[in-house]
Amino acid sequence: MKMNLITNGAKGTQDVLPRDSFQRSFVEKLLFDIAQTYGFGQIRTPVFEHTELFNKSVGETTDVVQKEMYTFKDKGDRSITLRPEGTTPVVRAMLENGLHNNALPIKLSYLMSCYRYEKPQAGRYREFNQFGAEIFGSEDPAADAELISMANDMFNRLGIKGLTLEINSIGCPKCREKYYSKLKEYLESKKADLCPNCVDRLSRNPMRVLDCKSPICSEITKDAPVILDFLCEECSDHFEKVKSYLNQMQISFKINPKIVRGLDYYTKTVFEFISTEIGAQGALGGGGRYDGLVKLIGGVDMPAIGFGLGFERIMLILAKQQVSLPEPEKCTIYIAGLGDEAKEMALKLACIARQYSINAQCDIVGRGLKAQMKFADKIEAAFSIVIGEDELKTQIAKLKNMKTGETREISLDAEKFGDEMMGIDLENRFGKSDK
Ligand code: AMP
């Protein structure tokens, strides 16, 4: 059919079609179910927030704030931003709704769409979804270990293999002061070769240079001093404890002193789950501690840690590793009708079947009987019934198993039909009474 579409979907966005939607829902439910076993409630926040929330928290020098946010003025002349990440809105919502007054720790999980104006490629979109989890009110390294273990559990339970967990500690502002001056000194000596972005980062936030993906900058930062050598005693002890808990939980990890994460608010533990199987965008998820963010946003001093998993990347790797996911349920019973009266009956019986959670379909297009049966074949209906004049008269029809061709009688009386539907065996066999 020739189409005259007004326009295509916007660049970097995706339409999720029925089969994928079904499988995403399955994955989503599994993730929330796992989070629930760790004591996480669910939270939902608006797609947009006031811009200043992100400017301050994510950090003025980050790529996200500088280049990637979808920011616009609304009709009331307020600056609005589509959320580029989940943690900040969740912190705002937690504080605004007084959740921080509840018993600590507070554990919140969510699935939310995020928006970043990035160059789209496989695994990188302008609208994407993050499954996130945040723990508020604990500075204990056990919280870090528990949160990392939950993400690890999620990947394992989904059947994803071959991921590497990389961890690092980026310390607290105290350790960073010393580190920054050493890092700056090193980077200043290479300034002539750094990309223009990194020259700018160098004065404003030198650790950001470690995050640069340009090959020359990556080469330069290979020999840069690492934050781990500058941790204060408290941060160092904290990191040792996190590692020791992970070891006790038999979660293997690699220390990567180059992980700094893209957002400014992180402190101490940071981590990423990396795959080599889905191309350049290999981070399936990442997170870290952000002990200063809650205070920055709402004045309440509350340590916290969280992660965000890239939902699309999870779906990509599940497909890549051919992990089998449930398929959407097909039509269980197609009720065909010949003539107006039969059509009415078909509509009524389909409704009855649906009361028993049966996927029941009948003609709503105006097809003739032959075309209806062709359609029933196409949608792979497990059973069919044909209602014609005789069936209307006797109130009895033939229930046909579409795979085997076997038939048996079924009453069209509403109550009896309902009883049959209750007993119908979804594995394409006949009702329980037949076994
Ligand atoms: P971040 O906090 O930026 O590290 O994001 C957390 C996770 O979200 C990443 O590890 C990715 O899996 C996913 N993610 C981030 N940006 C994008 C994007 N533009 N498209 C798809 N997934 C993304």
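Read-outs throughout are calculated quantities, based only on the coordinates presented, and are distinct from any laboratory measurement. All values derive from a computational prediction rather than experimental measurement. Here the Cβ positions follow ideal geometry from the backbone for every residue, glycine too, while neighbour counts run over all protein chains shown.
Before moving on, here are some points about what is shown:
- Qualifying GluC sites (Glu not before Pro) in segment 224-289, where qualification requires a DSSP coil assignment and no more than 15 other C-beta atoms within 10 Å, comprise E277.
- Helix content alone sets the calculated 222 nm mean residue ellipticity of the chain: runs of n ≥ 4 DSSP H residues at -39500 (n - 2.57) each, divided across all residues, give -11500 deg cm²/dmol.
- Shape of segment 1-144, Cα gyration tensor, a/c cut at 1.5: oblate
- Shape class of segment 35-120 from the Cα gyration tensor (axes a ≥ b ≥ c, square roots of the eigenvalues): prolate, since a/c reaches 1.5 or more and a/b is larger than b/c.
- Relative contact order (%) - criterion: Cα under 8 Å, at least six apart; region: the chain: 14 percent
- Computed over the Cα atoms of the chain, pair by distinct pair, the Kirkwood hydrodynamic radius stands at 25.4 angstrom.
- Segment 297-435: C-alpha gyration tensor shape, a/c 1.5 cut-off, then a/b vs b/c: prolate
- Centre-to-centre separation between the Cα atoms of segment 6-27 and those of segment 254-318: 25 Å.
- Rounded to the nearest 10 degrees, the inclination of helix 414-423 to the longest alpha-carbon principal axis of the chain is 50 degrees.
- Cα long-axis angle, helix 87-96 against the chain (0 to 90 degrees, to the nearest 10): 90 degrees
- Degrees, to the nearest 10: 233-248 long Cα axis against longest axis of the chain: 30 degrees
- Whole-percent P(r), segment 209-368, all Cα pairs, 10 Å bins from 0: 8, 22, 22, 13, 10, 11, 10, 3, 0.
- Highest to lowest packing among 34-45, 162-173, scored as the average C-beta count within 10 Å: 162-173, 34-45
- Taken over segment 262-342, the percentage of Cα pairs per 5 Å bin, counting from 0 up to the bin with the maximum distance, is 3, 11, 15, 12, 10, 9, 8, 7, 6, 5, 4, 4, 3, 3, 1.
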